[in-house]
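Some notes on the structure that comes next.
The values are calculated or read from the model by the stated rules, or taken from the named source; none is laboratory data. For clarity, every value in this text was computed on a predicted model and none was experimentally measured. Note that each Cβ is placed from the backbone with ideal geometry, even for glycine, and that neighbours are counted across all protein chains shown. To get the accessible areas, we keep the full protein, side chains included, count just its heavy atoms, and leave off ligands, DNA and RNA. Shrake-Rupley method; radii C 1.70, N 1.55, O 1.52, S 1.80 Å.
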Amino acid sequence: MREDDELIDVDEPAWPLLLQELSAAGVPVEVLPGDAGRGRASLLQLGVSARSNLGGIVLNCGGLLVDDGWLRILGSPRGAGLPGLAEVNAMPSALDPAWRPGAGLVVAHDVLGGVFALNGGDPREAGRPGEPGEILYFAPDSLRWEALGAGHSAWLSWVLSGGLQTFCQGLRWDGWRAEVSALDGRQGLSVFPPLWSAEARQDLLATSRRAVPMAELLGLYRDTCDQFDGSDPGFLGVVCK
């Protein structure tokens, strides 16, 4: 475990350059105010440097709301609105050098309960695709993990350049921005018939949606995986109601 100052007081921190990238983003992005104490504690627990984009976000902001809140990239927020990286990944309340994020570190949720996670050191043992340090996506329309072929920084640049527009094609509907912007940071949209059903695949416009706690949505996905084939997608993040 590296010392606090070594992780935070660095030459060429990522945050100033990331702010420039955020200001030039191809999609709407809201930078939420952060809690400095939470940010320092989370950075030290993760053992990542402020030179990295992951470290810069965790240390300097409360999270990023991308595309009017469709995607919630986790940081260290003030208050209890949007959950923080520490909460979602069940980090210990006090520094624990033995703690590890297990199969992967959850870095973002989307409004449909999709999960973006940074692969851990042994994906094969965890039953996940991809390579160590690669971003994975747990897709709510397939209930499977997908390797995205990029690390955190490349994934973030892709998101900010508008990559979600193509990535989410077939999962968005007319008027989705109004529905998404009406949610709070701990809610997602439950779709019926569910996104993995033949009905939803054939005609998304025929589905209905309602706001539910994100915890309920993530729990539903794990339960459904178990009912379908006895598989367990593993950790999808903890979001208190």
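Residues in region 180-227 that are assigned to a helix (DSSP H, G or I), over 20 Å from Ile73 (Cβ atoms) and not hydroxyl-bearing (Ser, Thr, Tyr): how many?
Total satisfying the criteria: 16.
Could you grab me the full set of residues in region 105-124 that are surrounded by 14 or more Cβ atoms within 10 Å (Cβ to Cβ) and farther than 19 Å from Ala215 by Cα?
So the first thing to find is which residues in region 105-124 are surrounded by 14 or more Cβ atoms within 10 Å (Cβ to Cβ), and the list is 105-120, 123.
Leu118, Asn119, Gly120, Pro123, listed by residue number.
For residues that are closer than 12 Å to Leu112 by Cα and exposed (fewer than 14 other Cβ atoms within 10 Å of the Cβ), scanning just region 176-210, find the one that is farthest from the chain's Cα centre (by Cα).
Ranking the candidates gives Phe192 first.
Kindly indicate which of Ser42, Ser49 is assigned to a loop (DSSP other than H, G, I, E, B) and hydroxyl-bearing (Ser, Thr, Tyr). So that I can check it myself, show each step before the final result.
On the way: Ser42 fails: assigned to a loop (DSSP other than H, G, I, E, B).
Exactly one of Ser42, Ser49 is assigned to a loop (DSSP other than H, G, I, E, B) and hydroxyl-bearing (Ser, Thr, Tyr), namely Ser49.
Assess whether Gly102 counts as being among the small types (Gly, Ala, Ser), touching a Gly at 6+ places or on another chain (Cβ under 9 Å) and open to solvent by 10 Å² or more (accessible area, probe 1.4 Å).
Values: among the small types (Gly, Ala, Ser): yes; touching a Gly at 6+ places or on another chain (Cβ under 9 Å): yes; open to solvent by 10 Å² or more (accessible area, probe 1.4 Å): yes.
For Gly102, the condition - among the small types (Gly, Ala, Ser), touching a Gly at 6+ places or on another chain (Cβ under 9 Å) and open to solvent by 10 Å² or more (accessible area, probe 1.4 Å) - is met.
Which condition number does Ser76 fail, the rest of (1) within 14 Å of the chain's Cα centre (by Cα); (2) among the hydroxyl-bearing types (Ser, Thr, Tyr); (3) open to solvent by 60 Å² or more (accessible area, probe 1.4 Å) being met?
All conditions are met except number (3).
Which residues, counting only those in region 125-144, are more than 14 Å from Gly102 (Cβ to Cβ), touching a residue at least 60 places away in the same chain (Cβ under 8 Å) and either open to solvent by 40 Å² or more (accessible area, probe 1.4 Å) or not in a loop (DSSP other than H, G, I, E, B) (or both)?
Step one: list which residues in region 125-144 are more than 14 Å from Gly102 (Cβ to Cβ), which gives 129-131, 133-135, 137-144.
After this cut, where a residue has to be touching a residue at least 60 places away in the same chain (Cβ under 8 Å) as well, the list is 138, 140-141, 143-144.
Listed by number, the residues that qualify are Phe138, Asp141, Arg144.
So, in region 190-217, exactly how many residues are in contact with a Phe, Trp or Tyr (Cβ under 9 Å, 6 or more places away or on another chain) and of a type in the set (A, V, I, L, M, F, W, C)?
Residues that pass the stated criteria total 4.
Among (1) aromatic (Phe, Trp, Tyr); (2) modelled with pLDDT of 95 or more; (3) over 15 Å from the mean Cα position of the chain (by Cα); (4) not in a helix (DSSP H, G or I), there is one condition Trp173 misses while meeting the rest; what is its number?
Exception for Trp173: condition (2).
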